[in-house]
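Participant: One structure, pasted below without further comment.
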Number of protein chains: 2
Amino acid sequence: MTVAEHQAHPGQKVLTPGTMNNYIKNVEYAVRGRIAIRAEEIRDELDAGKKFPFERVVNCNIGNPQQLNQKPITFFRQVASLCENPDLLSDDKAPLVSQLYPSDAIARAKQLLKDIGPSIGVPAIRRTVAKFLEQRDDSVPANMNHIFLTQGASSGVQTMLSMLTQSSDTGIMIPIPQYPLYSATLSLVGATAVPYYLDEQQQWGLDVNQLTQTVTEARKNGTDVRALAIINPGNPTGQCLTKANLTDILTFCYDQQLVLLADEVYQTNIYTQARPFISFRKALLDHPIEHVKNHVELVSFHSISKGMVGECGRRGGYFECINLNQDILDQIYKMASVSLCPNIHGQILVDLMCHPPQENDPSYPIYHKEVSGIYESLKRRAQKLEAAFNAMEGVSCQPAQGSMYLFPTITLPKKAIQHAEQLGLAADAYYSEQMLEATGVCVVPGSGFGQVDGTYHFRSTFLPEEHLFDAFCSNIEAFHASFLKKYQD
Amino acid sequence: MTVAEHQAHPGQKVLTPGTMNNYIKNVEYAVRGRIAIRAEEIRDELDAGKKFPFERVVNCNIGNPQQLNQKPITFFRQVASLCENPDLLSDDKAPLVSQLYPSDAIARAKQLLKDIGPSIGVPAIRRTVAKFLEQRDDSVPANMNHIFLTQGASSGVQTMLSMLTQSSDTGIMIPIPQYPLYSATLSLVGATAVPYYLDEQQQWGLDVNQLTQTVTEARKNGTDVRALAIINPGNPTGQCLTKANLTDILTFCYDQQLVLLADEVYQTNIYTQARPFISFRKALLDHPIEHVKNHVELVSFHSISKGMVGECGRRGGYFECINLNQDILDQIYKMASVSLCPNIHGQILVDLMCHPPQENDPSYPIYHKEVSGIYESLKRRAQKLEAAFNAMEGVSCQPAQGSMYLFPTITLPKKAIQHAEQLGLAADAYYSEQMLEATGVCVVPGSGFGQVDGTYHFRSTFLPEEHLFDAFCSNIEAFHASFLKKYQD
């Protein structure tokens with residue numbers, strides 16, 4: 001709308017879909033799309049006494065463990081609660097408080113409050129992260145000045161994608177299927193998504209030849225491809241890459257002059273011994289080719305929201321930069337200042353995640369029991385769900401190597417596809433909607449993540465409580481059989 | 001850098017000042033600029049035993065009360081700490097916990113945990129905000145579905161400025177002087193700042209005739225002016241607008257088809273009875289002209305960081321929308337989903353700020369004592385600093401009506417201005433640097449906020465602890481006299 005048009009219509013809205021930021025308008029974000037909204041409605045209707053063919057809504061759509069009743073890690077919350085109420089740390093309260101809190105939680109809270117001090121700068125927490133990286137990767141110490149604390153990994157990814165975008169020709173390689181934060185943020189900053197495909201037949205593996213083809217073609221078409229985003233372990237696909245693959249990818253980044261954005265938030269969600277998590281940081285520091293090691297610009301993201309920590313609601317994370325230009329680090333610092341610091345609670349949880357209770361600490365037995373309890377249960381749930389999917393006609397599901405998701409492919413009958421088309425829906429969106437209405441199970445259709453044309457998928461977490469699994473797996477099986485029957489050719 | 005240039009230089013950095021997002025590069029943000037960084041250096045040098053003509057750095061540059069040792073409100077932290085560690089709320093812990101926490105804090109934490117539930121949606125907290133707005137403005141109930149919880153006011157302002165920006169022709173009116181969040185965000189989203197000037201001689205008042213001239217001229221020049229941003233009470237200027245002024249501004253917004261962005265984070269920082277805080281919401285709902293009341297699109301921002309709450313580190317706030325298009329509200333919801341929810345702690349603090357202990361609650365006496373203690377002290381400190389500035393030669397300071405800042409004008413000797421020019425510095429930046437080196441007092445030069453050409457100012461908070469005031473005021477006075485003497489004409 002032009003200025004003249006504006007002024008010609010006093011009393012009309014200024015801010016409308018016609019006048020708003022087009023980049024924002026173009027953002028698509030399926031994880032909380034119409035199926036998720038319908039699931040909320042059904043929950044309210046169930047509460048209000050309406051009858052459905054099921055008793056409860058099961059949220060397999062959102063990767064927030066605590067939203068699915070996963071109990072927070074006791075030690076983390078004890079320390080956080082003491083930091084919140086420093087009065088509890090005064091000497092006169094000690095006789096009572098020592099009956100409520102273990103001594104190591106009290107000591108850690110005192111240390112953190114001293115470290116955080118009156119100031120908001122948290123060098124001590126960045127130091128903890130640096131030490132964690134050194135130990136995790138059995139490597140040289142990380143540089144704490146190249147670590148930035150964030151409100152979760154998402155805000156870090158958004159900062160870096162924005163930093164990289166110079167014009168609408170700027171291209172960022174993103175996996176398909178992908179967690180839609182990437183496509184949504186690229187829409188928002190007006191950059192070009194350069195999709196590369198994960199190979200479902202190779203357990204959602206990543207093929208460097210295909211990456212080379214993709215970048216070459218995009219550059220031929222005038223796209224200024226600058227970075228490669230990799231989610232490892234994968235979301236929604238759950239694969240975990242081998243060290244050989246990581247090494248090749250880094251060589252590719254060097255050859256093609258690409259910044260590597262490594263989203264490693266699922267690094268402790270690993271379910272097979274054959275595929276341990278190896279960080280891109282380790283693969284870079286161990287890289288056999290010296291100039292790759294010394295040159296490839298790597299930004300790796302981590303978060304308190306995933307793993308056994310699962311503290312999505314606290315919004316905490318960090319990213320570490322290797323081989324980045326100092327001026328760029330200064331620019332990141334400036335932007336962090338404009339947005340002010342990330343919330344202190346998220347930062348405290350980052351510290352605790354990176355430095356949990358150690359053997360012989362009073363809290364270690366409970367901490368260890370909680371973490372391994374969650375881990376073993378997640379592993380069992382992953383296997384149970386994978387088996388259930390693979391037992392369904394026309395459904396094939398790759399093994400859960402990592403993360404919190406399965407992404408089965410479904411062969412849908414032609415009639416179902418046509419019917420969905422008539423409704424203006426992607427066929428897997430229609431399938432997922434029908435699943436929700438029939439079973440109360442809420443998943444996210446594959447079309448929200450991207451997939452090879454003509455294939456259909458959905459993403460399901462395996463986060464619902466374990467005691468619900470048998471019931472909802474058999475509900476899905478029954479729904480699937482009746483769906484196939486209804487639309488059989 | 002083009003694709004060809006990229007590929008011609010393997011091993012060079014991909015991400016450099018030459019290739020990065022220009023909008024980000026152009027962002028300027030003085031509040032944490034070079035003087036603030038120098039202040040940190042001096043603090044470290046003092047700690048390391050280096051001698052300066054002062055004993056401590058006094059941070060008058062940052063509006064974070066707790067960073068300046070303001071004690072958090074006890075009740076708020078008690079409730080937050082219980083929410084963090086729900087184990088404390090179990091029956092078996094009650095005998096101990098009831099000796100550490102008052103009964104209303106325990107009851108409130110239980111209520112909040114029930115309201116927040118396993119889900120991240122926080123309708124209950126938005127309901128608390130809606131009720132707070134109704135009571136504050138003695139008005140019709142606010143619509144909780146038009147309230148968005150945020151990670152502080154800054155992120156809300158960024159969302160709305162981004163939403164409003166359609167192209168580089170999009171214009172947003174911002175005050176000069178202004179808190180640089182506005183100019184920085186407009187740089188970032190690539191919109192045009194349309195500055196209007198606050199009138200220092202009228203106690204930094206806002207003149208609607210001048211607004212009309214400004215918008216008319218900008219539109220003549222092709223700028224698509226869409227919104228007016230007002231900070232009330234002012235930052236850095238501390239003025240508090242009258243209801244008559246608010247009413248006129250709303251009429252102006254209707255006539256000129258402008259969305260009104262009302263930054264009201266200092267609404268409880270009010271120091272003169274003659275100028276009580278009146279919200280734009282109230283002025284709109286009470287507006288004598290029916291079509292103004294029914295049409296002007298108002299977005300008002302609030303925060304837990306200011307007032308007597310001062311919880312900057314928790315990152316919590318909200319904005320309320322009135323008269324906004326439903327499609328736009330849906331778009332805001334979508335963007336909130338992409339960035340995931342604001343952290344739970346910030347949201348809990350918003351609830352507590354909007355619904356603090358009431359008379360007869362067990363925590364009321366302490367709550368009341370803490371809040372009025374902070375308030376009365378802030379008022380005394382504001383008056384003391386204002387008097388100190390006005391006693392200095394060539395310095396004139398408007399009265400502190402509201403907020404946490406004074407913004408005195410300083411008449412600088414020509415020689416000082418020339419000397420600063422030779423150093424490539426704004427004259428008030430040079431003055432502020434010299435003040436820091438001589439006294440340890442860190443302020444922000446007026447050039448960081450914008451000012452009438454040829455005038456010089458600095459912004460000083462009055463947040464340092466009260467017992468430091470006499471010493472640092474006399475240090476500033478001595479520095480000022482010697483600065484004038486050194487550069488006298």
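Participant: Can you work out which of the residues in segment B:162-193 that are of a type outside the set (S, T, N, Q) and more than 12 Å from chain A (Cβ to nearest Cβ) is surrounded by the fewest Cβ atoms within 10 Å (Cβ to Cβ)?
Facilitator: To start, the set of residues in segment B:162-193 that are of a type outside the set (S, T, N, Q) comprises B:163-164, B:169, B:171-177, B:179-182, B:184, B:186, B:188-191, B:193.
Add one more test, that the residue is more than 12 Å from chain A (Cβ to nearest Cβ), and what stays is B:173-177, B:193.
On the way: B:Met173: 25, B:Ile174: 26, B:Pro175: 26, B:Ile176: 16, B:Pro177: 28, B:Ala193: 20.
So, considering only residues that are of a type outside the set (S, T, N, Q) and more than 12 Å from chain A (Cβ to nearest Cβ), the one surrounded by the fewest Cβ atoms within 10 Å (Cβ to Cβ) is B:Ile176.
Participant: Something else about it: Yes or no: segment A:303-313 includes at least one residue that is touching a strand residue (DSSP E or B) at 6+ places or on another chain (Cβ under 8 Å), more than 14 Å from chain B (Cβ to nearest Cβ) and farther than 29 Å from A:Ala218 by Cβ. Give the steps one after another, and end with the answer.
Facilitator: Applying the first criterion (touching a strand residue (DSSP E or B) at 6+ places or on another chain (Cβ under 8 Å)) to segment A:303-313 yields A:303-305.
Narrowing further to those that are more than 14 Å from chain B (Cβ to nearest Cβ): none.
No: segment A:303-313 contains no residue that is touching a strand residue (DSSP E or B) at 6+ places or on another chain (Cβ under 8 Å), more than 14 Å from chain B (Cβ to nearest Cβ) and farther than 29 Å from A:Ala218 by Cβ.
Participant: Which condition number does B:Thr159 fail, the rest of (1) surrounded by fewer than 23 Cβ atoms within 10 Å (Cβ to Cβ); (2) within 11 Å of chain A (Cβ to nearest Cβ); (3) touching a Ser or Thr at 6+ places or on another chain (Cβ under 9 Å); (4) free of Cβ contacts under 8 Å to residues at least 60 places away in the same chain being met?
Facilitator: Unmet for B:Thr159, out of (1) surrounded by fewer than 23 Cβ atoms within 10 Å (Cβ to Cβ); (2) within 11 Å of chain A (Cβ to nearest Cβ); (3) touching a Ser or Thr at 6+ places or on another chain (Cβ under 9 Å); (4) free of Cβ contacts under 8 Å to residues at least 60 places away in the same chain: (4).
Participant: Can you tell me which residue among A:Phe462, A:Phe469, A:Phe483 is among the aromatic types (Phe, Trp, Tyr) and within 16 Å of A:Pro53 (Cα to Cα)? Write out each step before concluding.
Facilitator: Values: A:Phe462 fails: within 16 Å of A:Pro53 (Cα to Cα); A:Phe469 fails: within 16 Å of A:Pro53 (Cα to Cα).
Going through A:Phe462, A:Phe469, A:Phe483 in turn, just one is among the aromatic types (Phe, Trp, Tyr) and within 16 Å of A:Pro53 (Cα to Cα): A:Phe483.
Participant: Still on this structure, please answer the following. Filter segment B:314-350 for residues that are facing chain A (nearest Cβ under 9 Å), of a type in the set (D, E, K, R) and not in a helix (DSSP H, G or I) and give the result.
Facilitator: B:Arg315, the sole residue that qualifies.
Participant: Something else: Test B:Pro195 against the criterion of being over 25 Å from the mean Cα position of the chain (by Cα) and assigned by the TED database to the domain that holds B:Val299, and give yes or no. Give the steps one after another, and end with the answer.
Facilitator: Numbers: over 25 Å from the mean Cα position of the chain (by Cα): no; assigned by the TED database to the domain that holds B:Val299: yes.
In short, no.
Participant: Only one residue in B:Leu260, B:Leu186 is within 19 Å of B:Leu284 (Cβ to Cβ) and of a type in the set (A, V, I, L, M, F, W, C), so which one is that?
Facilitator: On the way: B:Leu186 fails: within 19 Å of B:Leu284 (Cβ to Cβ).
Criteria check complete, one pass: B:Leu260.
Participant: When you look at A:Asp248, is it closer than 22 Å to A:Asn323 by Cα, more than 14 Å from chain B (Cβ to nearest Cβ) and crowded, with 22+ Cβ neighbours inside 10 Å, yes or no?
Facilitator: Numbers: closer than 22 Å to A:Asn323 by Cα: yes; more than 14 Å from chain B (Cβ to nearest Cβ): yes; crowded, with 22+ Cβ neighbours inside 10 Å: no.
So A:Asp248 does not fit the description; no.
Participant: Let me ask another. Considering only segment B:51-82, how many residues are within 11 Å of chain A (Cβ to nearest Cβ), among the hydrophobic types (A, V, I, L, M, F, W, C) and under 14 Å from B:Glu311 (Cβ atoms)?
Facilitator: 5
Participant: Considering only segment A:213-233, I want to know if a residue exists there that is crowded, with 24+ Cβ neighbours inside 10 Å, in the same structural domain as A:Cys321 (by the TED database), polar (S, T, N, Q) and at pLDDT 95 or above.
Facilitator: Yes; the residues of segment A:213-233 include at least one that is crowded, with 24+ Cβ neighbours inside 10 Å, in the same structural domain as A:Cys321 (by the TED database), polar (S, T, N, Q) and at pLDDT 95 or above.
The values are calculated or read from the model by the stated rules, or taken from the named source; none is laboratory data. Computed from a predicted structure; not experimentally measured. Cβ coordinates were reconstructed from backbone atoms using ideal geometry, including for glycine residues, and neighbour counts include every protein chain displayed.
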